[in-house]
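K.L.:
Attaching a single structure in structure tokens format; questions to follow.
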Amino acid sequence: MVTLRPYRSSDLEALYHICLVTGDAGRDASALHKDPQLIGHLYAAPYGVLEPDRVLVAEDAAGVAGYIVGTYDTERFAARLEAEWWPALRQRYADTSGLTEADRGRVAAILRPHVSPADLVAAYPAHIHMNLLERLRGQRVGSRLLQAWRDQAKADGVGGIHLGASAGNSGGVAFWTRSGFVPQRQVGSTVWFGMDLA
Ligand SMILES: CC(C)(COP(=O)(O)OP(=O)(O)OC[C@H]1O[C@@H](n2cnc3c(N)ncnc32)[C@H](O)[C@@H]1OP(=O)(O)O)[C@@H](O)C(=O)NCCC(=O)NCCS
């Protein structure tokens, strides 16, 4: 039995863990990283810390095994990250000696955060990320998490949602397409999607 529920601050470690073990285009990225938190610093933890009301988790008898995180206002969130999230991490990771190549790639993204294409942010101001451990996949948990997040966003007056998926993540790309997101374009290795909520 899988339950969906709002985020609690005690879920933060689960966010970091799930993000790491799904972080290589949907596969386990643990072997690539010496620092197990680096991926989560980018794609999961800041939402739990700064946007806890925009995080839902999926929990089974063994614990939290999936999440959807996001923000209604991508531009405002980016500004908050600059003020409240990146500065401490930039200090903490000033010395990258001893880290792996994959770690250093994540540190580079902390120094120069990736930005969504401006036209997509204008058309679809919200964005999301979703990751499930393997044991939850293929049982419509992702669909339930997405529907709950989307219904709340629509009720709160959000006009649209965008997201970026790794082009190498064929399962993720298939899921977003099946879920009604419209592919917009590919930039580098990222496929961008948009969904109108109006
Ligand atoms: C991608 C993910 C969120 C999908 O969640 P899920 O609960 O497994 O998906 P659902 O069971 O709700 O499937 C919904 C639809 O997507 C399709 N789908 C889901 N995963 C798929 C896959 N790997 N390959 C092809 N289609 C897939 C399903 O067949 C279903 O289609 P249908 O509506 O025609 O029946 C989940 O598998 C996951 O977290 N994967 C690892 C992390 C990841 O890749 N996240 C996305 C990053 S962009």
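K.L.:
Taking the solvent-accessible surface of protein heavy atoms with a 1.4 Å probe, what is the per residue accessible area of the chain in Å²?
P.N.:
50 Å²
K.L.:
Treating the beta-carbon of each Lys and Arg as +1 and of each Asp and Glu as -1, no other charges, what is the dipole magnitude of segment 103-183 about its Cα centre, to the nearest 20 debye?
P.N.:
Here the size comes out at about 260 debye.
K.L.:
Working with all protein chains in place, sort ASP35, ASP53, ASP73, ASP28 by solvent-accessible area computed with a 1.4 Å probe, largest first.
P.N.:
These residues rank, largest area first, as ASP53, ASP28, ASP73, ASP35.
K.L.:
If you take the Cα Rg of segment 112-187 and divide it by 2.2 N^0.38 Å, with N the number of residues, what do you get?
P.N.:
1.14
K.L.:
Additional query: With θ taken as phi - 60° and the coefficients 6.51, -1.76 and 1.60, list the Karplus ³J(HN,Hα) couplings across segment 181-192 in order, rounded to whole Hz; mark glycine and proline as x.
P.N.:
Per residue, the Karplus-derived 3J(HN,Hα) values read 7, 9, x, 9, 5, 9, 10, x, 9, 10, 9, 9 Hz.
K.L.:
Something else about it: What is the projected area of the convex hull of the Cα atoms of the chain, averaged over all directions, in nm²?
P.N.:
10.7 nm²
K.L.:
Can you tell me which of ARG140, ARG54, ARG106 moves the most in a GNM of the chain? Springs connect C-alpha atoms under 10 Å apart.
P.N.:
Looking only at ARG140, ARG54, ARG106, the biggest GNM fluctuation is shown by ARG140.
K.L.:
Sticking with this one: Given the DSSP H assignment, sum -39500 (n - 2.57) over each helix run of at least 4 residues in the chain and divide by its residue total; what's the result at 222 nm in deg cm²/dmol, nearest 500?
P.N.:
So the helix-based figure for the chain works out to -11500 deg cm²/dmol.
K.L.:
Using θ = phi - 60° and the Karplus curve 6.51 cos²θ - 1.76 cosθ + 1.60, what whole-Hz ³J(HN,Hα) does each residue of segment 105-119 get, with Gly and Pro shown as x?
P.N.:
x, 5, 4, 4, 6, 6, 6, 10, x, 5, 10, 6, x, 4, 5
K.L.:
Counting only protein heavy atoms, what percent of the accessible surface of segment 3-196 is carbon or sulfur at a 1.4 Å probe?
P.N.:
C and S fraction of accessible area: 51 percent.
The values are calculated or read from the model by the stated rules, or taken from the named source; none is laboratory data. None of these values were measured; they are calculated from a predicted model. Cβ coordinates were reconstructed from backbone atoms using ideal geometry, including for glycine residues, and neighbour counts include every protein chain displayed. These area figures cover heavy atoms from the full protein model, side chains too; ligands, DNA and RNA do not enter into them. Shrake-Rupley method; radii C 1.70, N 1.55, O 1.52, S 1.80 Å.
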